[in-house]
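Trainee: Let me begin by handing over the structure; questions about it come next.
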Amino acid sequence: MTAFDLVVLLIPGLPLAAALATGCGALLSDRYPRRLIERSTAGAILASFVAALWVLAQVVGDPRPREVTVYRWLASGDFGVDIAFLIDPLSAVMVAMVTGISFVVAVFSINYMHNERGFARFFAVLSLFVFAMLVLVMGSSYVLLFLGWEGVGICSYLLIGFYQDRRSAAGAATQAFVMNRVGDVGFLVGILLIVTTFGSADYAVVFAGAPDLDRGLASAIGLALLLGAIGKSAQLPLASWLPRAMEGPTPSSALIHAATMVTAGVYLVARSHPLYERAPDALLVVGLVGAATALYGGVVGLVQTDIKSVLAFSTTSQLGLMFLACGLGAYAVAIFHLVAHAFFKTLLFLTAPSILHHLHGGADPQAEGGRWRIGLPHRLFVGAAVAVAAVPFVAAWAQAGAVARSGAPILLAGGGIALFAAAFASRRMVAVTFGGHAGEAHGHGTRPPVAVSLIAVSLIALAGVALGLLPGGLDGSWWRAILGPAVPASSELPAAHPVFGVIFLGALALLLVAGWLTPLLFDRFRPDRPAPLPAAGALYAAALERFWLDELIARFVIRPVRRLALRLDRLDAWLDRATGIPEVAPPRRGVPVPGVEVPALAHEQPGILGVLTRVGANASSSLELRSARGAAGAPYWLTRLAAGAAQWIEVKVVGRVIAGITRSADRSAGLSLWSEREIIDRVSGLIPLLADRLARLSAAVEEAVFHRGVHLGAPRASAAAARVLVTTEEVLGRPLVFAGLILGSLVLAAVGALVLSSR
Amino acid sequence: MTLHEIGAAEQIGFPILSLLILLPLLAAAALRLLRDERLALGIALAGTGLELALSILLAVRFIPDVADVQFVERGPSLPLLGASYHLGVDGVSVLFVPVTALLTFLVVIYAEYSVRARAREYLMATLILEATLIGAFVSLDLLLFWVFFVVELVPSYILITRWGTGPARQGAAREYVRAMLVGSALMLVGMVLLARNHADFGQGGAWSFDFVELLRTPVPAELQSFIFFLLFLGFAIKAPVFPFHTWLPKVLEQGPIVGMSVFLIGVKLGTYGFIRFIIPLLPEASLDWFWLVAAFGAAGIVYGSLIALVQSNLRRVLAFGSLSHMGAVIIGIFSLNFYGLQGGLLQMINLGVTGAGLFFVAGFIATRVGAPELPALGGLAPYVPLLTATFLVIALAGIGLPGTSGFNGEHLIVLGAYQAHWTMAVMAGVGTFLTAAYLIRYFQRAFLGDRLAPAAKTMADLRPREILIAVTLGGFIFWVGLYTTPFLQTMNGSLRAIEQRVERGSFGGTGAADPLELLRYEVRP
């Protein structure tokens, strides 16, 4: 084992040792010294950071990939997996980023967490997280990547639920875990396809065979891996766990839910680029998902009033942009964006609490709003906010090279709007935090320990600025020089004309400026104000409700599953009764089943109905659209929103045109008063009338199809089916009939045997 | 297929398998004779400890990567039936012996806390249960296996009825015995048919229940399907497979606090039977009917895990979770390829430990607050961090997190199932997701949140013996999870033989146009 191997092993080994020592010490003794915990954790991570820098330097000197094998993990038939680490430019950059930020966060946490009960638990899980994240980025095969992937998942679960006595924290943790698990199914399927196709999950083998891969199969693998990435990186439709993950302590939010873990999805896509090269369809989906999420995160981030929520949605949006970059084939840009974003977002997260410390109380900046000068944190905060808004802009430089690509315009449009929203969100955050009234000024500066942490943080900021100022993803830049061999830009992309780049940059610049100018305008769209633009008001309200993502999942996934489970439980009770001695009386319909608790994975949010009613009341109150039962449903409400928009158009456009016509008619006196009232009023009333009819029609459809058919019909039908089943079970399942069941199987066997023998 | 045998005498010098069966019985006899309550625990500990050491010796001396049957002992045989005392282990069975011994050892360690009255008799029953289970796992004679399989009912019945915690334990025990008797009767018929078939087609023309002999004997296709269903039903009731599972939740809910941990490894005899007897002895029928069995497994996965999602009693969660996990194991085994078989077998070992482990945790809770019902729990984590950590680690192994013992087995099952048919892989994959949902949900309800259990603040964290149990189980979980190669190597040889057996069929690839006619002609000129 060479010195290089040893250093590589030390990088994940030290955090693991720290995690084990802290974990065991904390579990077995209440009085495990805090100083020891702090020092062992921060020291181990610092040492592995130094080792990572050394490895990075080695890799810059010689970018050939190197593999360090530890031992054979499992071997089944021809298929085997080693515990082995791959060091190439991509993983070296990621390792340096992860250990560096982890170190700063660990130092920061020493002060931040000093009053917490679970001090040791926090540090144990933090070290474990660093270890798992390092395994994730250093692993030499997909299976090892998955090991780290699940490891960071479980650490994230433990840290979101860190405040164990908070119900909402426990709920958020469970939601994050289960949603990630949905993505993991996709990841597992991807691994499965890879193993069955290539006979191995090692990157070396897979990427060597990738160029000859069947395109359909490549698309399948790409999409399966993408599902995993969507879960981990909180992309649509599995996006709603990330904002709720802010229930965890702020340092863990900074490290896990902003800088490192959530970027694992981007890493996965960038790492798998040889596979995606063969799967342009899958790559297009990557871009679409990224663009949609960037939009979603940006728009929802606009209306948040809680610093951590703004930060979370900003993260969602930025991650979406990284996926977008991957989707355009600009992997190096995505990784650049990833690293730069990690620095700036950590900075934002770590300065936010020190600001809040001084504002006293909760994390809702609008509630406090005191003007307050704190010097360094203030400047850092503003600087980081600017940087977060600007990073994608810088990254876009290189993206310009990939413009001329099918589907790119749509993706770019989405990305552009998201950029606008992200810029806006950053600005809003600053405004909301610092721009309040002067009345409740707090004069105190930072306390010394916070200041120490802040110096570390500002170092990050410097590094980040350095990264940001250098032209990141451009061809010929140092970044490309390092990362190039590992992650080349997609080779199948045609070279874009420079004009595209200029246009693209111009558009982005415009959008950015627009983003900084619009907050005032957007604030005017709040539903409680007289709406100049009803559709925008609806959008505002929808964003406020985070587009009902949780609600939709609860309604269309969790509730049916829950219903099915309860029904099966009843069926099982009947099976029990039918096959043996009844112990508990079978539950009647509608009565809660004893011994059965209803699971709720997502917390209840104000229903779609309530919010839409609110929106609708503002958006189209003049139209007085009412459905028979006020039932909420997508078709109905879409139409209603359309009606609102139509009304606006009617008032602003048609009305003015007509007024102009009228005026000119008056002036020329060519039209009588009668004709004006009879004809023009009718014409101008036609559009809302049409919209009204349309809304009524869709309400009727909604009532007939969705309400009666789905909401009432399906449960009734299944209840009837369950009753039939239960009756059948009762008859079938008596001990005597149980024997009959067995005999029947035997007869089936005999018949089967006869059929087979006659074949 | 021909299996070579390596005798115990040449391999280790003494009849280790007989000793493994006898030792617990001797300890039980000592308990019976000494009638001293104070010495009881010591004797039982010594007996199970020695047993554990011996079983580890067995696993260490086992030669990996070969298909041979090892540590073979042959005793006298019944003249007319052709049944004989024939013991031996191969890659399929060898790992069950130390796992059984380990769990019994842990149960005995915990007996001081879990049993209030008549501890001596409780220990006797546990020891006899251990002896019968190990006997069943090392039997190479079908009739001998059957005898152990049936005798196992006696200590189980006594354990459930006398030390069960639920009010309905009598009914649960009776239902268990009834179900097992039906199953074993069907199984016996199937085995007798196999023995008779040996008289028709086998060497020597006499009845034989000997597993190694029967492997050499071709079985006609129409008979195979019939025997397949007889044996399948018998083992399916034990496993349990989906529609035949109703006894399991009751037994687990009503049974003794931790004694059921050993019982749970006994339940693995069902799936063990599939891989040990059904597939090698009836390869053609297995190939004909694997889809049907996989469908049963898939139904069990969804059905079991969905019901587990709404249970409030940890033991019932475990029972239905076990049903769901067994579904995945069955899918793996009946993929009938190497990956699937290996995944299924590894997962059986893993579930034997993690299922029993969660049952231990349920016992830890039960000795503190009574039944592990959700209404009595909640917000425990800050008060009992060790218990919380133990539950979490074992639950994660059940979920199949990579790095724990659950992952590799599950991964291989999905891989094997995919090669058999993609729908089977989908069903096995769905299982992993639902398992996460119900175990994490239970964890959240019982250990996190602001709704404090009434007893939370006074609840004691793990005591030294419980820590020992937790550390042992955790160590096993991470050992299997992070260094799986030795476990897989142990199984490799035998499983490869089974895979080839399925490929070649029971006629051994004679190449004859109609092998059956050829054989009939040869045997009965």
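Trainee: Picking from B:THR432, B:THR354, B:THR423, B:THR390, which residue would you name as being hydroxyl-bearing (Ser, Thr, Tyr), facing chain A (nearest Cβ under 9 Å) and in a helix (DSSP H, G or I)?
Mentor: Within the list B:THR432, B:THR354, B:THR423, B:THR390, the selection yields B:THR432.
Trainee: Somewhere in region A:165-179, is a residue farther than 30 Å from B:GLY416 by Cα and not in a helix (DSSP H, G or I)?
Mentor: yes
Trainee: Please list, ordered by first then second residue, the pairs with beta carbon atoms under 6 Å, 6 or more apart or interchain, first in region B:111-139 and closer than 30 Å to B:GLU5 by Cβ, second among the acidic types (Asp, Glu).
Mentor: Filtered contacts from region B:111-139: B:THR132/B:GLU152.
Trainee: Still on this structure, please answer the following. Give the number of residues within region A:203-250 that are part of a loop (DSSP other than H, G, I, E, B) and either within 12 Å of the chain's Cα centre (by Cα) or of a type in the set (Val, Ile, Thr) (or both).
Mentor: 8
Trainee: Can you name every residue in region B:165-220 that is surrounded by fewer than 22 Cβ atoms within 10 Å (Cβ to Cβ), within 14 Å of chain A (Cβ to nearest Cβ) and small (Gly, Ala, Ser)?
Mentor: B:GLY166, B:ALA168, B:GLY171, B:SER184, B:ALA185 - these are the residues of region B:165-220 that are surrounded by fewer than 22 Cβ atoms within 10 Å (Cβ to Cβ), within 14 Å of chain A (Cβ to nearest Cβ) and small (Gly, Ala, Ser).
Trainee: Kindly evaluate B:LEU387 against the criterion of being out of contact with any Ser or Thr (no Cβ under 6 Å at 6 or more places or on another chain), crowded, with 22+ Cβ neighbours inside 10 Å and over 13 Å from B:PHE443 (Cβ atoms).
Mentor: Against the criterion (out of contact with any Ser or Thr (no Cβ under 6 Å at 6 or more places or on another chain), crowded, with 22+ Cβ neighbours inside 10 Å and over 13 Å from B:PHE443 (Cβ atoms)), B:LEU387 does not qualify.
Trainee: For region A:114-126, which positions are buried (at least 24 other Cβ atoms within 10 Å of the Cβ) and either of a type in the set (Phe, Trp, Tyr) or modelled with pLDDT under 80 (or both)?
Mentor: Matches in region A:114-126: A:PHE122, A:PHE123.
Trainee: Taking the options B:GLY363, B:GLY370, B:GLY400, name whichever one is surrounded by 24 or more Cβ atoms within 10 Å (Cβ to Cβ) and without any contact (Cβ under 8 Å) to a residue 40 or more places away in the chain.
Mentor: B:GLY400
Trainee: Another question, then. Take the residues in region A:201-221 that are crowded, with 20+ Cβ neighbours inside 10 Å and under 16 Å from A:VAL81 (Cβ atoms), then tell me which one is farthest from the other protein chains (Cβ to nearest Cβ).
Mentor: The residue in question is A:TYR203.
Trainee: OK, next. Tally up the residues in region B:1-32 that are of a type in the set (A, V, I, L, M), more than 28 Å from B:LEU215 (Cα to Cα) and in contact with an Asp or Glu (Cβ under 7 Å, 6 or more places away or on another chain), please.
Mentor: 1
Trainee: Within region B:94-116, take every residue that is part of a loop (DSSP other than H, G, I, E, B) and at pLDDT 90 or above and give me the one that is farthest from B:ALA470 (Cα to Cα). So that I can check it myself, show each step before the final result.
Mentor: Applying the first criterion (part of a loop (DSSP other than H, G, I, E, B)) to region B:94-116 yields B:94-95, B:115-116.
From what is left, the residues that are at pLDDT 90 or above are B:94-95.
Working: B:VAL94: 24, B:LEU95: 20 Å.
Filtering region B:94-116 for residues that are part of a loop (DSSP other than H, G, I, E, B) and at pLDDT 90 or above, the one farthest from B:ALA470 (Cα to Cα) comes out as B:VAL94.
Condition check ((1) surrounded by fewer than 16 Cβ atoms within 10 Å (Cβ to Cβ); (2) touching a residue at least 12 places away in the same chain (Cβ under 8 Å); (3) under 24 Å from B:VAL384 (Cα atoms)) across all residues:
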site	(1), (2), (3)
A:PHE4	yes, yes, no
A:VAL8	no, yes, no
A:PRO15	no, yes, no
A:GLY23	no, yes, yes
A:ALA26	no, yes, yes
A:ARG34	yes, yes, yes
A:ILE37	no, yes, yes
A:ALA47	no, yes, no
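Trainee: On to the next question. Could we say that B:PHE228 is aromatic (Phe, Trp, Tyr), closer than 20 Å to B:HIS421 by Cβ, out of contact with any Pro (no Cβ under 7 Å at 6 or more places or on another chain) and surrounded by fewer than 23 Cβ atoms within 10 Å (Cβ to Cβ) here?
Mentor: Spelling it out, it is not the case that B:PHE228 is aromatic (Phe, Trp, Tyr), closer than 20 Å to B:HIS421 by Cβ, out of contact with any Pro (no Cβ under 7 Å at 6 or more places or on another chain) and surrounded by fewer than 23 Cβ atoms within 10 Å (Cβ to Cβ).
Trainee: Moving on. Looking only at region A:154-174, filter to residues that are surrounded by fewer than 23 Cβ atoms within 10 Å (Cβ to Cβ) and not hydrophobic (A, V, I, L, M, F, W, C); which one of those is farthest from the chain's Cα centre (by Cα)?
Mentor: My answer is A:ASP165.
Trainee: Go through A:ALA42, A:ALA47 for me and flag whichever is modelled with pLDDT of 90 or more and among the small types (Gly, Ala, Ser).
Mentor: A:ALA47
Trainee: With the structure loaded, tell me whether A:PHE129 is within 14 Å of another protein chain (Cβ to nearest Cβ), over 28 Å from B:TYR339 (Cα atoms) and either surrounded by fewer than 24 Cβ atoms within 10 Å (Cβ to Cβ) or in contact with a helix residue (DSSP H, G or I) (Cβ under 7 Å, 6 or more places away or on another chain) (or both) or whether it fails that test.
Mentor: Working: within 14 Å of another protein chain (Cβ to nearest Cβ): yes; over 28 Å from B:TYR339 (Cα atoms): yes; either surrounded by fewer than 24 Cβ atoms within 10 Å (Cβ to Cβ) or in contact with a helix residue (DSSP H, G or I) (Cβ under 7 Å, 6 or more places away or on another chain) (or both): yes.
Yes, satisfied.
Trainee: For region B:399-414, enumerate the residues that are at the interface with another protein chain (Cβ under 7 Å from one of its Cβ atoms) and either assigned to a helix (DSSP H, G or I) or in contact with a Leu (Cβ under 7 Å, 6 or more places away or on another chain) (or both). Step through it out loud before you land on a result.
Mentor: Of all residues in region B:399-414, those at the interface with another protein chain (Cβ under 7 Å from one of its Cβ atoms) come to B:401-403, B:408, B:412, B:414.
B:PRO402, B:GLY403, B:ASN408, B:LEU412, B:VAL414 - these are the residues of region B:399-414 that are at the interface with another protein chain (Cβ under 7 Å from one of its Cβ atoms) and either assigned to a helix (DSSP H, G or I) or in contact with a Leu (Cβ under 7 Å, 6 or more places away or on another chain) (or both).
Trainee: Do you know which of the residues in region A:56-95 that are surrounded by fewer than 24 Cβ atoms within 10 Å (Cβ to Cβ) and in a helix (DSSP H, G or I) is farthest from the other protein chains (Cβ to nearest Cβ)?
Mentor: A:GLY61
Trainee: Which residues, counting only those in region B:424-458, are under 20 Å from B:ASN337 (Cβ atoms) and touching a residue at least 24 places away in the same chain (Cβ under 8 Å)? It would help to see each step written out before you state the result.
Mentor: Just the residues of region B:424-458 that are under 20 Å from B:ASN337 (Cβ atoms), to begin with: B:424-429, B:431-432.
Within region B:424-458, B:MET424, B:MET427, B:ALA428, B:GLY431, B:THR432 meet the criteria.
Trainee: For B:SER305, are the conditions met, namely being under 17 Å from B:THR246 (Cβ atoms) and either of a type in the set (A, V, I, L, M, F, W, C) or under 21 Å from the mean Cα position of the chain (by Cα) (or both)?
Mentor: yes
The values are calculated or read from the model by the stated rules, or taken from the named source; none is laboratory data. Keep in mind the model is a prediction, meaning the values are calculated, not measured. Heads up, the Cβs are rebuilt from the backbone with ideal geometry, glycines too, and the neighbour counts pull from every protein chain shown.
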